[in-house]
Amino acid sequence: VFVEESGGGAVRTGDSLTLSCELSGGPASWYATAWYRQVSGQDREFVAHIGWNGATIYYASSVKGRFTISRDNAKNTGYLQMNSLKPEDTAVYYCAAKLFKLGPAPTNEYDSWGQGTQVTVSS
């Protein structure tokens, strides 16, 4: 499966942004998708995960209550709705996919990763 993110940009504190994760080469309904983010020089950080069943969802504590992960199987696309953005949310956001996975997986076990999309939040 091929994964491509889009929707990043530069916003101000408190703004909202929605990232998209388009899957091609396989039905999105078969794949768990996860969002990670990375700041230059730091490790990739888990953000959110939705299992292949569409119902098993996890969030990092730093984004819980502000971010919402979802998926539209008809569009083969996953989403990360980000509200109340903070400067510390600034990072490159990556989408990853893994076949028939319910819960999160170690980063090296995902089948595919996107190239990332930059999110910059200024104060």
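The values are calculated or read from the model by the stated rules, or taken from the named source; none is laboratory data. The shown structure was predicted, so the numbers you read here are calculated from the model rather than taken from an experiment. Note that each Cβ is placed from the backbone with ideal geometry, even for glycine, and that neighbours are counted across all protein chains shown. Heavy atoms of the whole protein, side chains included, go into the accessibility calculation; ligands, DNA and RNA do not. Shrake-Rupley method; radii C 1.70, N 1.55, O 1.52, S 1.80 Å.
Observations on the structure shown:
- Odd one out for residue 58 among (1) more than 18 Å from residue 6 (Cβ to Cβ); (2) in a loop (DSSP other than H, G, I, E, B): (2)
- Index of the failed condition, residue 36 passing every other in (1) out of contact with any strand residue (DSSP E or B) (no Cβ under 6 Å at 6 or more places or on another chain); (2) closer than 19 Å to residue 114 by Cα: (1)
- Cβ-Cβ under 7 Å pairs, at least 6 apart or on other chains, region 43-56 side over 20 Å from residue 108 (Cβ atoms) and of a type in the set (A, V, I, L, M, F, W, C), far side modelled with pLDDT of 95 or more and surrounded by fewer than 20 Cβ atoms within 10 Å (Cβ to Cβ): none
- Among residues of region 35-62, those that are surrounded by fewer than 17 Cβ atoms within 10 Å (Cβ to Cβ), under 21 Å from residue 23 (Cα atoms) and small (Gly, Ala, Ser), counted: 2
Here's the yes/no breakdown for (1) in a loop (DSSP other than H, G, I, E, B); (2) among the aliphatic types (A, V, I, L, M):
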site: 21; (1), (2): no, no
site: 53; (1), (2): yes, no
site: 80; (1), (2): no, yes
site: 103; (1), (2): yes, no
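- Looking across region 1-19, the residues that are part of a loop (DSSP other than H, G, I, E, B) and over 21 Å from residue 106 (Cβ atoms) come down to 7, 8, 13, 14, 15, 16.
- Filtered by the rule that a residue be open to solvent by 30 Å² or more (accessible area, probe 1.4 Å), polar (S, T, N, Q) and in contact (Cβ under 8 Å) with a residue 12 or more places away in the chain, region 63-118 gives 68, 70, 73, 76, 81, 83, 84, 90, 107, 115, 118.
- Residue list for region 19-58, restricted to those being over 10 Å from the mean Cα position of the chain (by Cα) and either closer than 19 Å to residue 83 by Cβ or among the β-branched types (Val, Ile, Thr) (or both): 39, 45, 56, 57, 58
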